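A short worksheet on the structure shown next.
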Amino acid sequence: MNAAVDITGVHLETEALILRSFEAADLQDFHAYARVPGVGELAGWVHHSSLEESKEILDMFISERKTLAIVEKKTGRVIGSVGIEPYDETCVGDEYRPLKCREIGYVLSREYWGQGLMPQAVTGVLRYCFEELQLDAVFCACFRRNHQSRRVAEKTGFRQVCDLMLPTMYGTQEEAVLTVMHREDWAGRSS
């Protein structure tokens, strides 16, 4: 089952990052990475065409209280996000139905790719999901062509569940890989 999530007041830290709720003051930073062609498309959404579009989506992040801003400690800039999203219960087996689960999705500013920051962010969010929210499992779905996101899932300990087709926000269906991490797997690697 999809567990309830409310990230209001959440403040997580890693070596180089802070993960926290989005704020209205994050608009310029958010727009700076969300408008870059190729960034959103890897996650199934079209890059933002205007500041107004970014504001509309930022307002949604703030009101839905399930998406964390990734802030670079060194600069204080918002450089990405990690959402703790509802998962599609029809994509997984019956064994997950009674469990508390969510799915994570993530995006990072292109200028920060390849620096090991997203595995840090995902690890911080997994710690929160398993230790604070007490989730039983966390899913992560990545489009097959998104090698960077698939590599982050591998590095952070997710294991493949199945292949599936996922809709994009630009009207197509694409091949994807669904992965999962169970609380026992997390406990085993964090002890």
Inset, instruction - Please identify the pairs in which a residue from region 106-127 that is farther than 21 Å from Ile7 by Cβ has its Cβ atom under 6 Å from the Cβ atom of a residue that is aliphatic (A, V, I, L, M), counting only partners at least 6 apart or on another chain. - result: Arg110/Val36; Arg110/Val39; Tyr112/Ile79
Legend entry - region 144-191, residues that are basic (Lys, Arg), under 19 Å from Glu85 (Cβ atoms) and touching a Leu at 6+ places or on another chain (Cβ under 9 Å): Arg183
Legend entry - Given (1) free of Cβ contacts under 8 Å to residues at least 40 places away in the same chain; (2) hydrophobic (A, V, I, L, M, F, W, C); (3) farther than 22 Å from Ile57 by Cα; (4) part of a strand (DSSP E or B), index of the condition Cys162 fails: (1)
Inset, instruction - Identify the residue in region 98-154 that is polar (S, T, N, Q) and within 17 Å of Val177 (Cα to Cα) and, among all such residues, is surrounded by the fewest Cβ atoms within 10 Å (Cβ to Cβ). - result: Gln148
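Residues being touching a Lys or Arg at 6+ places or on another chain (Cβ under 8 Å) and in contact (Cβ under 8 Å) with a residue 24 or more places away in the chain: count how many of those fall in region 60-96. Give the derivation first.
Filtering region 60-96 for residues touching a Lys or Arg at 6+ places or on another chain (Cβ under 8 Å) gives 68-69, 71, 83-87, 89.
So of that shortlist, the ones also in contact (Cβ under 8 Å) with a residue 24 or more places away in the chain come out as 68-69, 71, 84, 86-87, 89.
So the count comes out to 7.
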Inset, instruction - Of the conditions (1) assigned to a strand (DSSP E or B); (2) more than 29 Å from Ala24 (Cα to Cα); (3) aliphatic (A, V, I, L, M); (4) out of contact with any Asp or Glu (no Cβ under 7 Å at 6 or more places or on another chain), Leu68 clears all except one; give me its number. - result: (2)
Inset, instruction - Filter region 96-132 down to residues that are part of a loop (DSSP other than H, G, I, E, B) and under 16 Å from the mean Cα position of the chain (by Cα) and give me whichever is farthest from Thr168 (Cα to Cα). - result: Gly116
Inset, instruction - Determine which single condition Gly157 fails, assuming it passes every other condition in (1) outside any helix (DSSP H, G or I); (2) under 22 Å from Val39 (Cα atoms). - result: (2)
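Taken together, the values in this text are just the output of simple stated rules run on the coordinates, not laboratory data. Predicted model, so just to flag it, every value in this text is computed and none were measured. Don't worry about glycine lacking a Cβ; one is built from the backbone with ideal geometry, like all the others, and counts go over all protein chains shown.
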